[in-house]
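Since the structure comes first, as C-alpha cells, the remarks are kept for the end.
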There are 2 protein chains.
Amino acid sequence: METRELAYFAAVAEELHFGRAAERLGIAQPPLSRAIQKLERRLGVTLIDRSGPRIALTPAGEVLAREAAKVLDAVAAARTRTQRAGRAEPRLVVALKPGGDGGLLPGLLAAYRGHPDAVEVDLALCAVSERARMVREGTADVAFLHCPYEDLTGFDSQPLRVEGGVAMMSPAHRLAGRAFVHRADLAADPTPCWPEQHPEISDPATLMQLAVLGRLIAVVPESVRDHVRRDLVCVPVLDGTPTTVVLAWPVGTRSRALAAFVHTATMVAERLAYMPSS
Amino acid sequence: METRELAYFAAVAEELHFGRAAERLGIAQPPLSRAIQKLERRLGVTLIDRSGPRIALTPAGEVLAREAAKVLDAVAAARTRTQRAGRAEPRLVVALKPGGDGGLLPGLLAAYRGHPDAVEVDLALCAVSERARMVREGTADVAFLHCPYEDLTGFDSQPLRVEGGVAMMSPAHRLAGRAFVHRADLAADPTPCWPEQHPEISDPATLMQLAVLGRLIAVVPESVRDHVRRDLVCVPVLDGTPTTVVLAWPVGTRSRALAAFVHTATMVAERLAYMPSS
DNA sequence: GCGTCTCCATACCCCCAGGGTATGAGCCGT
DNA sequence: ACGGCTCATACCCTGGGGGTATGGAGACGC
C-alpha cells in the first residue's frame, strides 16, 4: 500500500465520486478507478459499494478511510519534521495562544537561555484550534495547551500549573463589584459566558471587546488577568473548573533541546508556585 | 514520500549499510542508493553522512527514521484492520493475558451477548508484551491492560477496576503466615520480587513454579488470587501500588460492537464493585 | 418504453520510474 | 602502493501508472 494509493482512496472516500476525486487529484478518472480496484484486489476486500446510484463505502472502506487519514497525517508530519531538523541550526518552535502561557513564558525563556542544551526559541502565536494541529503536523515542536479543554491524545505532556478561573466583565455589570462569584451566578446571568457558548471566538481582542460591551462574560484562567484591558474587571469564579496549563509534544520525541525546555518549564512553574503573588 | 521509500530508508537507518539493507529488502544496492538520494533531493535535506568509514544518520536522518517507523506501523495497521473489517461477519478480538481480566470476563461476556450491537468475541490469550502490540497492529480490537505497568499512549482507554496487590509465595516462606505485609517486608527479603526485578518472566506457570520453589515472591493483582496453584499462599500487600485494569483500544475507533463491549464492561465492573466478596 | 444523461469500467497506448548489471571512485588498513 | 570494501554512476530494460476513447449499467424525463 503506497501513500499515493492511500491518498487516492482518501479522495474517493471524501468525494464519494470518482470523477470529482480524480479532478481533485489532478489525474483522469480511469487511472483512479484502476488504482482503487488494484487496492481492493491486493487487500482482498471490497472497499466501495458501486451498486447504488451514488457509490458508498463498505464497512471495510470506512475503516480504511480512517486509517488512510492517519497514515497521510503521519507522512506529512514526517516530511515537515525531517525538513525542519535538516535546516541550519536547530530551533525550537513553541506554539501558544496569546496569554496562554499562564505567565510562565518570560521566566521560562530567561531560564532556558542558560541551559547547556538550549537552542533558539521561536514563538508561534496562533489561534486556539491551531496549536495542537501545528504540533501534530510538525510545524511546531511543543505547545502550551489547556486541560481539560484540549485533546492530549497523541501527545506526551507535562502539567505546569493549575489555575482557577476568573470572570471577565464590563465594570457596569451587576456582578462587577463582587469579590467572587460562583458558576450559578453566571449561569443565571442573561449575558452568555465563554468559551462554552461561543467556541467560535478565538481572538482575545474580539472577546474583550464583546465583554466591554456587556455582550458576554468570559471565564478565563486567572493568569490572563494581567493582560486584559483596563476597562474590564475580573472576578474569581470560586467553583469554576480549574484549567491545567500543560506543555505537549509528540510522543516519542527525542530532542535534547525539547527535554531541556520541558525540564526548565517544570522548574520555573514550581518556583512560581511558591510565589503566587508575583 | 511513498511508503516504499520510507521502508527503504528505515532499512538503511537500521543496518547503517547500503549493501546489507538492499539484501534485506530483496533489491540490488544501486537502486537503493538512488532511492535514498532521491528522497534527500526531494526533502532538500541530507539524511545520511557518507563521509566516514561507516555511514551515519544526520540529525534529520534520525528524525526521519523515527517518523518512518511510525508511518510504516500505521500502514501495517491499516492493512490488517481493513482486511479484518472486510472478512465475513464482524468479530471482536480481545487480547488479554491469562488471569489479566480482573475476574471481569465471565460476567462481561455473558452480559455482552445480550447487547443489541454485540458480535462474536474471540479471545486472544497472549504474553504480556504482546497485547499492546496486537492492538496497535490491528490484530486485536481491544486489550485488557494494567496501569501503571503498561504504556497507554496511542490508545483510548476505560478504567474498569482498581486492585490492590497480593504477594504470592511458598507456604514455607517466613512471611507466609502473615495476614498482610508491607513493601518494606518484601524489599528486605532475600528472594526477589516480581515483576519489578524479573520483567522477562511472562509465563504465569513459570512464575508460580519459581514461587513454589521459594526463588521469588510475585506481587500480583488480587484478582489473580483465585487462579494460583493451591500450593502457594497469597498475602495482601497493604501499601503496594494499586493496579488499574483498563480496556484499551486505538484512538479514533468507531465501532458499535466495540462501544457496546466497553460500555458493558463498565457496567459489569461497577456491579462487581458493589459485591467485592464474590 | 425509449432516448438520454451520468458515471464507472474497460481497452489500448505511451512513457518514465524503478530495478538490474557493470563499473568507477573514494577511503581505509596493511 | 595496493587491494578490499563500500557507495555512486552509467546504461539498459521492463512494468506499471497515466492518458484518451469508448462501452455498459442505472436513473430520469417525456
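The values are calculated or read from the model by the stated rules, or taken from the named source; none is laboratory data. Given the structure is predicted, the values throughout are model-derived calculations rather than measurements. We place every Cβ from the backbone using ideal geometry, glycine too, and count neighbours over all the protein chains shown. When the accessible area is computed, the model is the full protein with side chains, heavy atoms only, and any ligands, DNA or RNA have been set aside. Shrake-Rupley method; radii C 1.70, N 1.55, O 1.52, S 1.80 Å.
Rundown of residues vs (1) within 16 Å of DNA strand D (Cβ to nearest atom); (2) assigned by TED's automatic domain parsing to the domain that holds residue A:115, yes/no style:
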residue	(1), (2)
A:54	yes, no
A:57	no, no
A:67	no, no
A:97	no, yes
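The set of residues in the range A:56-80 being part of a helix (DSSP H, G or I) and farther than 16 Å from residue B:72 by Cα consists of A:59, A:60, A:61, A:62, A:63, A:65, A:80. One residue stands out in the range B:41-55 among those that are in a helix (DSSP H, G or I) and surrounded by fewer than 16 Cβ atoms within 10 Å (Cβ to Cβ): the one that is farthest from the other protein chains (Cβ to nearest Cβ), namely B:41. Is it the case that residue B:75 is more than 33 Å from the chain's Cα centre (by Cα), within 14 Å of chain A (Cβ to nearest Cβ) and more than 10 Å from DNA strand D (Cβ to nearest atom)? No; evaluated as a whole, the condition is false for this residue.
Residues in the range B:170-209 that are farther than 14 Å from residue B:237 by Cβ, part of a loop (DSSP other than H, G, I, E, B), modelled with pLDDT under 75 and of a type in the set (A, V, I, L, M, F, W, C): B:201 only. In this structure, is residue A:36 of a type outside the set (Ser, Thr, Tyr), within 12 Å of DNA strand D (Cβ to nearest atom) and not in a helix (DSSP H, G or I)? So residue A:36 fails the test. Considering the range B:5-33, and only residues there that are in contact (Cβ under 8 Å) with a residue 24 or more places away in the chain and within 10 Å of DNA strand D (Cβ to nearest atom), the residue that is farthest from the other protein chains (Cβ to nearest Cβ) turns out to be B:17. Answer yes or no: is there a residue in the range A:58-65 that is out of contact with any Gly (no Cβ under 7 Å at 6 or more places or on another chain), more than 7 Å from chain B (Cβ to nearest Cβ) and buried (at least 21 other Cβ atoms within 10 Å of the Cβ). Taking every residue of the range A:58-65 in turn, at least one turns out to be out of contact with any Gly (no Cβ under 7 Å at 6 or more places or on another chain), more than 7 Å from chain B (Cβ to nearest Cβ) and buried (at least 21 other Cβ atoms within 10 Å of the Cβ). Taking the conditions (1) open to solvent by 70 Å² or more (accessible area, probe 1.4 Å); (2) away from DNA strand C (no atom under 15 Å from the Cβ); (3) in contact (Cβ under 8 Å) with a residue 24 or more places away in the chain in turn, residue A:70 satisfies each one other than (3). The residues in the range B:22-46 that are more than 12 Å from DNA strand C (Cβ to nearest atom) and among the aliphatic types (A, V, I, L, M) can be counted, and the count is 2.
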